[in-house]
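Single-structure report; data block below.
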Amino acid sequence: MPELPEVETVKNELAPNIVGRTVRKVNLLWEGIVRKPAAAEFRSRLKGRKITGLGRRGKYLLAGLDNGEWLILHMKMSGSLLVRPATSELPRFTRAVLHLDDGSGIFFCDPRKFGRMWLVGDKDSVVGELGPEPLEQEFTPAVLTLLLDKRKAPLKALLCDQHVVAGIGNLYADEALFLAKIHPLRLGGSLTPAELKRLHRAILEVLLKGIKNKGASIENYVRPDGTPGGAHLEFMVPRKAGNPCIRCGTSVERITVRGRGTYFCPECQV
Ligand SMILES: [Zn+2]
C-alpha cells in the first residue's frame, strides 16, 4: 500500500499538472470508487470546479477546490494516479478519469478496487481522526512518548495505526524499528526514554529517505508519470525471511503482527 513517502511523491509530482486546472469532465468506469456523495452528484458537482491546491494528510491526497470544497483521494492497497493526455488509451484497471481543461487526464487505476474518492465541504469529516503528521514540527519525541504511553499493543501495530501517527504503514514501520534496533513485538508503553528518542529519529529518517527516493515500488505503486520509485532499493530490512541482516549477518525473521507481514532481525532488534 502506498504510505506517506509514496503519497507525498504523488502529491509533489501531480501538483504542477493539476493545480490551477479546471475539471471538464468526470468519467467513472467503476462508480464504487466514489465514497461520497452519490456517483451522479459527485460527477456533476466536480465538473467545472478549479483545483486551487493539492495537499497530503497521512495517506490521503486533498485537492482544494475554488468553491471551498475538497476532492479527497486515497489509493489504499493498490491504487495509482497517472497523468497523461485525456484521450490516451485507458491504462489497465482504470476506475476513474478526471478530464482537465488543458487536455490532460488524471487516471485513477486500481486493480484491487480499495481506492476511494470523496467530495466534501468539511475535509475533517474524512481525515479529522488521524494522528499527527510525523514530518511536521508538532511531532516531537515528547509527543511520541505520549502517544505510546501505557499502550499495550505491539509497536508494529501502533506505528501502523493511523490514529496514532498518520502515514506510516507496513514497510516504513519495519524500517523504522530496524533502524531504532527495537523489536516489533515490544509493547508501546515499554520503551525507555532513550528508545523513544531513537524511534522518533528513525521514523523521520526512513520517511525522509523514502521521499527523497520517490517512494517504494514493491507492489503496484508507480509515480504519476508511470515510472517506479527507488526507495525499496535502499530498504535496510530484507523483505525475505532467511536473508542476512545488513548489520550483523543474522537471518532476518518474518512474523505476522495483527495480519501484517513483519520482517526484523532477532539479534539486533531487542
Ligand atoms: Zn542484525
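Select from H163, L191, G261 the residue farthest towards the positive end of the dipole of the stretch 157-270; place +1 on Cβ of Lys and Arg, -1 on Cβ of Asp and Glu, and compute about the Cα centre.
Positive-end residue among those listed: L191.
Please give every one of the lysines within straight-line cross-link reach of K209, meaning a C-alpha to C-alpha distance under 27 Å, and leave out same-chain neighbours fewer than 8 residues apart.
Qualifying lysines at Cα under 27 Å: K11, K59, K76, K156, K181, K197, K240.
Residue by residue, what Karplus-based ³J(HN,Hα) values in Hz, rounded to whole numbers, does the stretch 259-268 have, using 6.51, -1.76 and 1.60 with θ = phi - 60° and x for Gly and Pro?
x, 9, x, 10, 10, 7, 9, x, 8, 9
Over the stretch 1-112, consider all pairs of different Cα atoms and compute the Kirkwood hydrodynamic radius from their mean reciprocal separation; express it in Å, one decimal. Walk me through the numbers before you get to the answer.
Numbers: mean 1/r = 0.0716 Å⁻¹.
Here the Kirkwood hydrodynamic radius works out to 14.0 Å.
How many angstrom lie between the C-alpha centres of the stretch 198-268 and the stretch 48-90?
Between the Cα centres of the stretch 198-268 and the stretch 48-90 lies a distance of 27 Å.
On a 0 to 90 degree scale, rounded to 10, what angle separates helix 193-212 from the longest Cα axis of the chain?
Long axis of 193-212 versus the principal axis of the chain: about 40 degrees.
Using each residue's phi in the stretch 26-35, evaluate 6.51 cos²θ - 1.76 cosθ + 1.60 at θ = phi - 60° and report the 3J(HN,Hα) Karplus result to the nearest Hz, with x for Gly and Pro.
These are the phi-based 3J(HN,Hα) values: 10, 10, 9, 7, 9, 5, x, 6, 8, 8 Hz.
Taking only Cα atoms, what is the 0 to 90° angle, nearest 10, from helix 4-18's long axis to the longest principal axis of the chain?
Helix 4-18 and the main axis of the chain meet at about 20 degrees.
Each residue of the stretch 135-141 in turn: what ³J(HN,Hα) in whole Hz from Karplus with 6.51, -1.76, 1.60 and θ = phi - 60°, glycine and Pro shown as x?
The phi angles translate into 9, 8, 4, 4, 8, 10, x Hz.
Only helical DSSP H runs with n ≥ 4 go in: add -39500 (n - 2.57) per run for the chain, normalise by residue count and round the 222 nm mean residue ellipticity to 500 deg cm²/dmol.
Working: 7 runs with 71 residues, N = 270.
It lands at -8000 deg cm²/dmol.
Quantify, in whole percent, the carbon and sulfur part of the accessible surface of the stretch 103-150 (1.4 Å probe; protein heavy atoms only). It would help to have the intermediate numbers written out before the result.
Working: 1150 of 2300 Å².
Looking at the stretch 103-150 in its full context, I get 50 percent from C and S.
Residues of the chain: accessible area per residue at 1.4 Å, in Å²?
Working: 12040 Å² over 270 residues.
That works out to 45 Å² per residue.
The values are calculated or read from the model by the stated rules, or taken from the named source; none is laboratory data. This is a predicted model, so every value here is computed, not measured. Using ideal geometry, Cβ is built from the backbone for each residue, glycine included, and neighbour counts are taken over all protein chains shown. Protein only, heavy atoms only, side chains kept; ligands, DNA and RNA dropped before computing areas. Shrake-Rupley method; radii C 1.70, N 1.55, O 1.52, S 1.80 Å.
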